[in-house]
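What follows is calculated from the coordinates using simple rules that are stated; it is not laboratory data. Computed from a predicted model, the values in this text were never measured in an experiment. Here the Cβ is made from the backbone with ideal geometry for all residues, glycine too, and neighbour counts use every protein chain on show.
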Amino acid sequence: MSEARGEGQDQSGNLSFVVGCVDEDHRGSEEGGRIKNEGEMRKGEEEDDDKDDDSPPERQIVVGICSMMKKSKSKPMTEIMERLCKFEYITVVIFPEEVILSQPVDKWPLCDCLVSFHSKGFPLDKAVEYAKLRNPLLINDLNMQYYIQDRREVYRILQEEGIDLPRYAVLTRDPDRPEECNLVEGEDHVEVNGELFPKPFVEKPVSAEDHNVYVYYPTSAGGGSQRLFRKIGSRSSVYSPESCVRKTGSYIYEEFMPTDGTDVKVYTVGPDYAHAEARKSPALDGKVERDSEGKEIRYPVMLSAMEKLVARKVCLAFKQTVCGFDLLRANGHSFVCDVNGFSFVKNSMKYYDDCAKVLGNMVMRELAPQFHIPWSIPLEAEDIPIVPTTSGTMMELRCVIAIIRHGDRTPKQKMKMEVRHPLFFALFEKYGGYKSGKLKLKKPKQLQEVLDIARLLLAELGQHTDCEIEEKKGKLEQLKTVLEMYGHFSGINRKVQLTYLPNGQPKASSEEEECPTEGPSLLLVLKWGGELTPAGRVQAEELGRAFRCMYPGGQGDYAGFPGCGLLRLHSTYRHDLKIYASDEGRVQMTAAAFAKGLLALEGELTPILVQMVKSANMNGMLDSDSESLTDCQQRVKVRLHEIMQKDQDFTEADYQKLAPTGSPSLVTSMKTIGNPVSTCDQVYALIQRLTSQIRRRLEDPKSADLQLYHSETLELMLQRWSKLERDFRNKSGRYDISKIPDIYDCVKYDTQHNATLDLEDTLELFRLSRALADIVIPQEYGINKAEKMDIAQAYCLPLMKKIQLDLQRTHEDEAVNKLHPLYSRGVMSPGRHVRTRLYFTSESHVHSLLSIFRYGGLLDEVKDQQWKQAMDYLSAVSELNYMTQIVIMLYEDNNKDPGSEERFHVELHFSPGVKGCEGEENVPLGFGFRPASAENQEKQTNQGSLEDLSQDETDRALSLSEPISIKRSPMIRNRKTGSMEVLSETLPTSSKGTSYRLFPSCSCQSPEIKQTGLGFEGCSMVPSIYPLETLHNSLSLKQVDKFLNAVCEHSSDAHAKTMKALSALFDTSSQGYSQTHIHPPPPKALSSSETPVRSPECPLWYSSGPSSTVFSGRSSSPTSVNPDKNFSFSE
């Protein structure tokens, strides 16, 4: 016994304890208590030793620890064995490693109960032999440990037990079993013994001792693979551009489970006890999150009833009392993907106590009767029901919904050509084009086929001199040139669309001047460009980082980053996050970069894109088919073209026709333009001047090879502008107004990114094309209010319905992920859950959604002063630039009656996105982020919270009656309060209420930004983003729900059918969460009694823990007596 206890001592013989996640005061008393108990135990032993002379001692049960020294002397083993020794009749004996390795088993120490497990270098055969010789009680079966070393056997056993595991196939490279070695590798899939696995998929060596697991990504997400390995320092995986599977060795191939970047590790101690911890998936960015002591950060989570049953099955099937295994939570289900055998939790005192208690009771129950030791099973409740409650008058943040436009991109380019060659028709048929009459080709293999046809036809056309063929030859050469760009294909930056034309194409534009031929043809539309730029990535990542500050608990320093409240919520599974993006590459990459900033991830965007971003191109929720415009939109475009083709100054009648809503930004642009045709003349002349300047530069040997932004060349830049020059004015001299957005797009890009070229008159071209674009772009989505609503509904109806479903409150969902309250001492509020839904999309959806809120009748401007101010602000905004955001936040006031309309409170916020190139003199002013409305003013008195965003002293008071200038807005300062970084800048109470800017436009920063603000003009070519402005902050959920219902009901029958299908789709899975958020924070620091007390040993804000949440989909009847603790939403 003394030998065993010695393992828990340091060199001086004193007991050493390291306390995990407890607060400072508690830690001291607890340590003292343990030392005292241990001392008393020793004292008792000494007294026993004195009695030894007089009477024989009670028979002791000897528990033998037979494993490699590294394991038997590990901290968890020492902690648990020390506690086990507190059982009166149990003695622990550790088998020395030299005895295990070099002595025969009959020379090994004797024991009644054996804890033995395999690890690297351990002679499992000898342990089996010892067990046969001595027949001790086995805590973990030894023969089953052979199976645990082979992943094929592990999966076989799991399957036999009916435990869910990912779909898999085994590739055995064994000359004796050739039938198990059929591998066919495609570009985006593998076929293993007839079983198809599309990328992403996982490749695992069959030996469980080999930790080199690879995840392969599809080319549409950037390709390559993530290579996982046993932790080295702070890395557990690395991204590799290699996309081909390994050609030697035997592997298991399995489908990749969309867990949103989190793994759950489960640790059983017998079939009735399981402890679960969440950690960041090693496949996400490969960085191991560690605390201040260098330990990997994990958070205890609650297992569902089904998962507890899985833990019981695993424990019994593998006959391992102490057993660790990995769970993947995906799509509302839990899948076992690995069984590790003997495994302890690290750094959890509660687990050490529990484990020793369960093992001790097990040993006593089995062996006490045969040794005639008096012992009875203690009756204790296993789970103490701890229900966290909120207090005070604060409101809890329940849901954040954001609709965000993608980041800065290269100019979009498009080329149309009519094709009739049989090869194109064959391609159209091969990929099922005749089913719908349309075909979209994005995959590398498909684009390669189009390129092959273009090369073949160009070779055939080489000898011909016919005029008609020559024009086609020019188009084919352009098709070939664009498809050959970059030297490789990626679905993210090019696509070909084919549309069947039964009677050929009527002459429609200046592009198609030749006489139409009889018979059917295909319209080939080639699109390229429009890629997210490095600046766009920085913008998205910074916005993601700043978004964290909207969540409570934003204080604290997370590796130099703010917003730790969100990171802790997320890493503890209490943040239900889903990110949706349209199928455009730039939109998906924006979403991935935003997720990287939001969740403090590192490394490449490809693994983040695959694991975090869901493509939401179903039912056009985020995608818009610009080729098929609504009737209303066609009519609007015709009217717009008519008005813009008049060669005279705009008349009063034109103002009425073009700007019936009286929008100040529109009226200003019309005044700038005056005569639209003469302005178009000026723009055309400026484009001609620009192309001639670029041609001169190309002729200059010094600048011929000049590299422009994002690897563009002068040659490509010239092609871009020459095409616009050709297309803008047709041969009859009329201007194609639809090209104005493209001209503005190009000049905006070059003004921002290629300013070093110093091309003359670009700023004048920018000014004029912007004025034209400020009319054409917003008015393409409707000129009067009725048209705006009609077009908006056509684009946005599925999204509106989805937003409504996100906001609706349903019964509490048992399947929601809860933090285990017994283990989470360092977390102030284990019961909080917040739902975040992020929708990344294009300009059309953002314009349409804003139109619905503006013109759909949400509030009456006459009766609601705040809404009138918001509408005035929106009508002064001329452009919805990159990273435009519309944010909806839902709060719950726990002090209001559950049935009351005041119980749920909705806020609407908006930012016009990235700042333009012009000065800020004419920038419209908003009213700050979350200003207090008059009716909420009395609620301002007591709204502090343990996780308040603003715990510091406030800035100089600024009355809301004064205009809040964005330019002069005070900057966020990295003010320190102890080790906590105070994030929010507060504009304190005045007679009109309070307001603060969430993301002030400020500061110049480098791309590796460590500051909290969103200003990064200092970055080369990365403009900052306008702060969020509150449009309204006192809407009731009932109001919003009624409004959304009305908007959806006014739609056409066709849309109603779409919505019914979508509603059914999302109703199938439900998920809920909630979390506390403060209503506008008060301008006061918390008293010391309110400040959260945390141990410096466990600074929770240093972890992102597991970097995402999971789907959990089983809803149930309400079980909680406390209705305000949680609720769930229909997904």
Setting aside same-chain residues fewer than 8 positions from K73, which lysines have a Cα under 17 Å from its Cα?
-> K120, K346
Note down the nm distance, to one decimal, between modelled labels 7 Å out along Cα→Cβ at T248 and at V677.
-> 7.7
Report the net charge of residues surrounding E760, where surrounding means a beta-carbon distance below 13 angstrom and charges are Lys +1, Arg +1, Asp -1, Glu -1.
-> -1
Using only the alpha carbons of the range 673-814, determine the length spanned along each of the three principal axes and report them from longest to shortest in whole angstroms.
-> 72, 43, 23
With a/c under 1.5 counting as rounded, go ahead and sort the range 851-893 into rounded, prolate or oblate using the C-alpha gyration tensor (a ≥ b ≥ c being the square roots of the eigenvalues; past the cut-off, prolate if a/b is larger than b/c, else oblate).
-> oblate
Considering only Cα-Cα distances, which of the following residue pairs are longer than 22 Å: K646/K739; K71/K357; K199/K231; K475/K731; K445/K480?
-> K199/K231
Full extension between D872 and E195 adds, at 0.36 nm per residue less the Cα distance, a length in nm of 237.7 nm
With label points set 7 Å from each Cα along the Cα-to-Cβ direction at R59 and L316, the distance between them in nm comes to 3.1
How long are the three semi-axes of the equivalent ellipsoid for the range 273-340, computed from the Cα gyration tensor as the root of 5 times each eigenvalue, in whole Å, largest first?
-> 23, 15, 12
Can you work out ³J(HN,Hα) from phi for every residue in the range 238-250, in order, using Karplus 6.51 cos²θ - 1.76 cosθ + 1.60 and θ = phi - 60°, giving whole Hz and x for Gly and Pro?
-> 9, 7, 10, x, 5, 10, 8, 6, 6, 9, 10, x, 9
With a Förster distance of 51 angstrom and the Cβ-Cβ distance between E98 and S711, calculated FRET efficiency to the nearest 0.05 equals 0.25
How long, wide and thick is the range 121-196, going by the Cα atoms along their three principal axes, in whole angstroms, largest first?
-> 55, 31, 20
Convex hull over the Cα atoms of the range 163-240, averaged projected area in nm²?
-> 6.9
Surrounding net charge for D174, when Lys and Arg each add one and Asp and Glu each subtract one, Cβ distance under 14 Å | -1
Per 10 Å bin from zero, what fraction in whole % of the C-alpha pairs of the range 689-746 is there, up to the bin with the longest pair?
-> 21, 46, 25, 8
With θ set to phi - 60°, apply the Karplus curve 6.51 cos²θ - 1.76 cosθ + 1.60 along the range 644-649 and write out the HN-Hα couplings as whole Hz, x wherever there is a Gly or Pro.
-> 7, 9, 6, 8, 7, 5
For labels at D654 and D631 in the simple 7 Å Cα→Cβ model, what's the distance in nm?
-> 3.0
Going down the list K440/K723; K247/K596; K788/K863; K435/K596; K443/K702; K75/K287, which pairs span over 28 Å between their C-alpha atoms?
-> K247/K596; K435/K596; K443/K702
Net charge (Lys, Arg +1; Asp, Glu -1) of residues whose beta-carbon lies under 10 Å from that of S67, S67 excluded, is +2
